[in-house]
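Asks: Okay, handing you the structure first.
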Amino acid sequence: MPRVRLNAGMQWSAIVPVKAFATAKSRLDEDPDRRAALSFAFMSDVLAALEASTLISQIIVVSDDSGLSLPATTRVRVHATRALGLNADIQEGLEQVGDAPVVVVAADLPCLTATAMDAVLKLAQALPRAFVTDTQGLGTTMLLDQDARQSTPRFGSRSHAQHIRADYHEIRSDDPATQALLARARRDVDTAIDLWDAERMGVGQATRAVNPIR
């Protein structure tokens, strides 16, 4: 069983899988160019939250999009994958991390903030492996392992159940303030209704620029 680290200041590596923007978010009721722009904005807001987190040491974007270009920063780098599927892409990112604590973060969380990210990581410190479920309670928005070598990502259809079966523990809290932060980590966006709910909650700067609240 992976060891449990209780160091309150321990640093995590973050892996962000990114699908080619031209084909991403097909269920959003928008034209293709706008879907691509929204997808890029969602990812940009996720990366901004991760970069501002006090507990993340490096960010690895894994993508089969050969044209993906991001501003160079000290903590974000792109790892080009071989287009073998989401979990295979994530696995390639995990191999870059070694035995460090790792969090896999979905790229479509425009409500995510550094404070919300830090809240998730602090709750995960006492768990060998954990996950954050999506707003519907069927999927997964974040997967966390104390040791990246032990990670077994099961993203895809009904990944909530798949990760439970793989002995991951769902991150929860009874504290109302923490619950509000977790809601930001759970709000992924696949449809126009999801986007409306994200706007209600409050989205990041990049998403606001593409989709200003009217």
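The values are calculated or read from the model by the stated rules, or taken from the named source; none is laboratory data. Small disclaimer: the values here were computed from a predicted structure and weren't measured. Here the Cβ is made from the backbone with ideal geometry for all residues, glycine too, and neighbour counts use every protein chain on show.
Asks: Inspect segment 146-161 for any residue being assigned to a loop (DSSP other than H, G, I, E, B), of a type in the set (Ser, Thr, Tyr) and touching a helix residue (DSSP H, G or I) at 6+ places or on another chain (Cβ under 7 Å) and give the result as yes or no.
Replies: Within segment 146-161, one or more residues are assigned to a loop (DSSP other than H, G, I, E, B), of a type in the set (Ser, Thr, Tyr) and touching a helix residue (DSSP H, G or I) at 6+ places or on another chain (Cβ under 7 Å).
Asks: Give segment 156-182 a look and list any residue that's in contact (Cβ under 8 Å) with a residue 60 or more places away in the chain and either among the basic types (Lys, Arg) or surrounded by fewer than 18 Cβ atoms within 10 Å (Cβ to Cβ) (or both), or say none.
Replies: Scanning segment 156-182 gives a single hit, Gly156.
Asks: A further question on this structure: Here's a check for you: in segment 186-214, which residue that is of a type in the set (Asp, Glu) and not in a helix (DSSP H, G or I) is modelled with the highest pLDDT?
Replies: Result: Asp188.
Asks: Limited to segment 47-73, what total is found for residues that are closer than 19 Å to Ala148 by Cβ and either surrounded by 19 or more Cβ atoms within 10 Å (Cβ to Cβ) or touching a Lys or Arg at 6+ places or on another chain (Cβ under 6 Å) (or both)?
Replies: 10
Asks: In segment 165-185, what residues are in a helix (DSSP H, G or I) and touching a strand residue (DSSP E or B) at 6+ places or on another chain (Cβ under 6 Å)?
Replies: Answer for segment 165-185, where residues must be in a helix (DSSP H, G or I) and touching a strand residue (DSSP E or B) at 6+ places or on another chain (Cβ under 6 Å): just Ala185.
Asks: Can I ask one more? Being modelled with pLDDT under 95 and under 30 Å from Arg200 (Cα atoms) narrows it down to one of Val103, Val76, so name that one.
Replies: Result of the check over Val103, Val76: Val76.
Asks: Mind checking whether some residue in segment 82-98 is under 13 Å from Trp12 (Cβ atoms), acidic (Asp, Glu) and outside any strand (DSSP E or B)?
Replies: No: segment 82-98 contains no residue that is under 13 Å from Trp12 (Cβ atoms), acidic (Asp, Glu) and outside any strand (DSSP E or B).
Asks: Looking at segment 51-67, can you tell me whether even one residue there is touching a Ser or Thr at 6+ places or on another chain (Cβ under 6 Å), more than 21 Å from Asp134 (Cβ to Cβ), at pLDDT 90 or above and among the charged types (D, E, K, R)?
Replies: Scanning segment 51-67, I find no residue that is touching a Ser or Thr at 6+ places or on another chain (Cβ under 6 Å), more than 21 Å from Asp134 (Cβ to Cβ), at pLDDT 90 or above and among the charged types (D, E, K, R), so the answer is no.
Asks: Filter segment 74-108 for residues that are touching an Asp or Glu at 6+ places or on another chain (Cβ under 6 Å) and buried (at least 18 other Cβ atoms within 10 Å of the Cβ); which is farthest from Tyr168 (Cα to Cα)?
Replies: Looking at residues that are touching an Asp or Glu at 6+ places or on another chain (Cβ under 6 Å) and buried (at least 18 other Cβ atoms within 10 Å of the Cβ), I get Thr81.
Asks: Can you work out which of the residues in segment 183-214 that are of a type in the set (A, V, I, L, M) and touching a Lys or Arg at 6+ places or on another chain (Cβ under 7 Å) is surrounded by the fewest Cβ atoms within 10 Å (Cβ to Cβ)?
Replies: The qualifying residue surrounded by the fewest Cβ atoms within 10 Å (Cβ to Cβ) is Met201.
Asks: Take the residues in segment 110-145 that are touching a strand residue (DSSP E or B) at 6+ places or on another chain (Cβ under 9 Å), at pLDDT 95 or above and in a loop (DSSP other than H, G, I, E, B), then tell me which one is farthest from Glu199 (Cα to Cα).
Replies: Looking at residues that are touching a strand residue (DSSP E or B) at 6+ places or on another chain (Cβ under 9 Å), at pLDDT 95 or above and in a loop (DSSP other than H, G, I, E, B), I get Gly139.
Asks: Pairs please, first residue from segment 78-97 and over 19 Å from Ser57 (Cα atoms), second anywhere and assigned to a loop (DSSP other than H, G, I, E, B) and of a type in the set (Gly, Ala, Ser), Cβ atoms under 6 Å, 6+ apart in sequence or on different chains.
Replies: Filtered contacts from segment 78-97: no entries.
Asks: When you look at Arg27, is it over 16 Å from the mean Cα position of the chain (by Cα), over 27 Å from Pro176 (Cβ atoms), in contact (Cβ under 8 Å) with a residue 12 or more places away in the chain and surrounded by fewer than 17 Cβ atoms within 10 Å (Cβ to Cβ), yes or no?
Replies: It is true that Arg27 is over 16 Å from the mean Cα position of the chain (by Cα), over 27 Å from Pro176 (Cβ atoms), in contact (Cβ under 8 Å) with a residue 12 or more places away in the chain and surrounded by fewer than 17 Cβ atoms within 10 Å (Cβ to Cβ).
Asks: Only one of (1) crowded, with 17+ Cβ neighbours inside 10 Å; (2) touching a residue at least 60 places away in the same chain (Cβ under 8 Å); (3) under 17 Å from the mean Cα position of the chain (by Cα) is not met by Asp147, so which one is it?
Replies: Result: Asp147 passes all but (3).
Asks: Now for a different question. How about segment 36-66: which of its residues are assigned to a helix (DSSP H, G or I) and of a type in the set (Asp, Glu)?
Replies: Answer for segment 36-66, where residues must be assigned to a helix (DSSP H, G or I) and of a type in the set (Asp, Glu): Asp45, Glu51.
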